[in-house]
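Enquirer: To start, I am sharing the structure in question, which I have written as structure tokens.
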Amino acid sequence: MRLKLYIILLMGLLPYFLQGQSKVTAPATLWPELQLNYGAGDAGILFVRNQYRINTDSRYNDLKSSGILSNFERVQLAVGYEHTLTEHWRGGAILRYAIEDFPKALFATAFLRHNGNIGSLYFNKQGMFEYVLQEKSQEDYGRWRILGELGKRLPVKDKFLTPALLYELFILSDFGNEEQTAEERSIDRTRLRLSLNYELTPRFHIAPYFMRQTDYYYVLIPPVYDENNNLVKDGYTTKRNRITPVFGLELKYNLNLQPNTASIAY
């Protein structure tokens, strides 16, 4: 129990340990998502996700120059499979394709999940490795994604309501990477998410959420010259954290299965 609490505390404090020398706040984005889950046998789940990303700053909604896609920043489709290995362990794979103005990318992912409890709360842990194949002019890369989630499934009359707090850490990997010319930070991204899953029926769920996404990278600060072109201040490279507020809404439909908070498809 004490070890679990230490892990939760460490994950909660990581964003403060990873603070860069400067921060910028990006425009908020809207992430509506549709998901279909299908029970395959006694131990498997097949799922399909279709997600849209809409920026509140319309300048970034440039997926296409005209038509309906001109209203989106990004569209992605994912298909996956999860298998129950034991009472507490699940594993699976996801294939995701994302398109935006640039670049388009294919994400190949394998994951392993463990479910447990802290008191009356469920505690899910997940390790995921994701290999990202981008358009030819961009480098492919791999990254680890480490996730922890605390929540509780509460009965509300004949329905269920599940508030949950999730933290996810993205760590860049050297797997498959060629020598990089640009400096990179090992921590690529973090996500802190508060969600509320409402089970209208065993088959149909609505899950609104708010998420704080932080991207970590380096930026080059150019040198400063006076009016006589004399160098006043040298240029330098510094760390930067880009914070994006995300408002999301997931609509989930289940076929041939019962909802389970331990599942990645819940």
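The values are calculated or read from the model by the stated rules, or taken from the named source; none is laboratory data. Just so it is clear, the model here is predicted, and its values are computed rather than measured. Here the Cβ is made from the backbone with ideal geometry for all residues, glycine too, and neighbour counts use every protein chain on show.
Enquirer: So is ASN115 in contact (Cβ under 8 Å) with a residue 40 or more places away in the chain, touching a His at 6+ places or on another chain (Cβ under 6 Å) and either hydrophobic (A, V, I, L, M, F, W, C) or surrounded by 14 or more Cβ atoms within 10 Å (Cβ to Cβ) (or both) or not? Spell out how you get there, then give the answer.
Expert: Values: in contact (Cβ under 8 Å) with a residue 40 or more places away in the chain: yes; touching a His at 6+ places or on another chain (Cβ under 6 Å): yes; either hydrophobic (A, V, I, L, M, F, W, C) or surrounded by 14 or more Cβ atoms within 10 Å (Cβ to Cβ) (or both): yes.
So ASN115 fits the description; yes.
Each row is one residue, and each column tells you yes or no for (1) of a type in the set (Phe, Trp, Tyr); (2) out of contact with any Ser or Thr (no Cβ under 9 Å at 6 or more places or on another chain); (3) surrounded by 14 or more Cβ atoms within 10 Å (Cβ to Cβ).
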{"position": "THR29", "(1), (2), (3)": "no, no, yes"}
{"position": "ASN37", "(1), (2), (3)": "no, no, yes"}
{"position": "GLY44", "(1), (2), (3)": "no, no, yes"}
{"position": "TYR52", "(1), (2), (3)": "yes, yes, yes"}
{"position": "ARG59", "(1), (2), (3)": "no, yes, no"}
{"position": "SER66", "(1), (2), (3)": "no, yes, no"}
{"position": "LEU69", "(1), (2), (3)": "no, yes, yes"}
{"position": "PHE72", "(1), (2), (3)": "yes, yes, yes"}
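Enquirer: While we're on this one: Which of the numbered conditions does VAL156 fail, given that it passes all the others? Conditions: (1) buried (at least 18 other Cβ atoms within 10 Å of the Cβ); (2) farther than 20 Å from ILE264 by Cβ; (3) of a type in the set (A, V, I, L, M).
Expert: If we test VAL156 against (1) buried (at least 18 other Cβ atoms within 10 Å of the Cβ); (2) farther than 20 Å from ILE264 by Cβ; (3) of a type in the set (A, V, I, L, M), just (1) comes out false.
Enquirer: Can you tell me which residue among THR190, THR261, THR244, THR214 is assigned to a loop (DSSP other than H, G, I, E, B), in contact with a Ser or Thr (Cβ under 8 Å, 6 or more places away or on another chain) and at pLDDT 95 or above? Walk me through it before giving the result.
Expert: Values: THR190 fails: assigned to a loop (DSSP other than H, G, I, E, B); THR244 fails: assigned to a loop (DSSP other than H, G, I, E, B); THR214 fails: assigned to a loop (DSSP other than H, G, I, E, B).
Testing whether each residue is assigned to a loop (DSSP other than H, G, I, E, B), in contact with a Ser or Thr (Cβ under 8 Å, 6 or more places away or on another chain) and at pLDDT 95 or above leaves just THR261.
Enquirer: Also: May I ask you to list the residues in segment 73-119 that are among the hydroxyl-bearing types (Ser, Thr, Tyr) and in a strand (DSSP E or B)?
Expert: Across segment 73-119, the qualifying residues are TYR81, THR84, TYR97, THR109.
Enquirer: Here's a follow-up. Condition first: crowded, with 17+ Cβ neighbours inside 10 Å and either over 17 Å from TYR209 (Cβ atoms) or modelled with pLDDT under 95 (or both). Now tell me which residues in segment 159-178 satisfy that.
Expert: Of everything in segment 159-178, those that are crowded, with 17+ Cβ neighbours inside 10 Å and either over 17 Å from TYR209 (Cβ atoms) or modelled with pLDDT under 95 (or both) turn out to be LEU169, PHE170, LEU172.
Enquirer: Select from segment 195-240 the residues that are under 18 Å from LEU36 (Cα atoms) and crowded, with 16+ Cβ neighbours inside 10 Å and list them in ascending order.
Expert: Matches in segment 195-240: ASN197, GLU199, HIS205, ALA207.
Enquirer: Here's something else I'd like to know. How many residues does segment 61-88 contain that are touching a strand residue (DSSP E or B) at 6+ places or on another chain (Cβ under 8 Å) and of a type in the set (Ser, Thr, Tyr)?
Expert: Counting residues in segment 61-88 that are touching a strand residue (DSSP E or B) at 6+ places or on another chain (Cβ under 8 Å) and of a type in the set (Ser, Thr, Tyr) gives 2.
Enquirer: When you scan segment 179-194, do you find a residue that is touching a Pro at 6+ places or on another chain (Cβ under 8 Å), within 25 Å of GLU130 (Cα to Cα) and exposed (fewer than 15 other Cβ atoms within 10 Å of the Cβ), even just one? Show your work before the answer.
Expert: Pass one, segment 179-194, residues touching a Pro at 6+ places or on another chain (Cβ under 8 Å): 190, 192, 194.
Retained after the next criterion (residues that are within 25 Å of GLU130 (Cα to Cα)): 190, 192, 194.
From the residues that got through so far, the ones that are exposed (fewer than 15 other Cβ atoms within 10 Å of the Cβ) too are 194.
There is at least one residue in segment 179-194 that is touching a Pro at 6+ places or on another chain (Cβ under 8 Å), within 25 Å of GLU130 (Cα to Cα) and exposed (fewer than 15 other Cβ atoms within 10 Å of the Cβ).
Enquirer: Is it the case that GLN134 is surrounded by 14 or more Cβ atoms within 10 Å (Cβ to Cβ), closer than 24 Å to ALA40 by Cα and not β-branched (Val, Ile, Thr)?
Expert: Details: surrounded by 14 or more Cβ atoms within 10 Å (Cβ to Cβ): yes; closer than 24 Å to ALA40 by Cα: no; not β-branched (Val, Ile, Thr): yes.
When the stated conditions are applied, GLN134 does not pass them.
Enquirer: Another question, then. Only residues that are of a type outside the set (A, V, I, L, M, F, W, C) and within 12 Å of GLU168 (Cα to Cα): list them for segment 127-155, please.
Expert: Passing the criteria: GLY127, ARG145, GLY148, GLU149.
Enquirer: Let me ask another. Can you find, within segment 185-231, the residue that is farthest from ARG143 (Cα to Cα) among those that are in contact (Cβ under 8 Å) with a residue 12 or more places away in the chain and acidic (Asp, Glu)?
Expert: The residue in question is GLU199.
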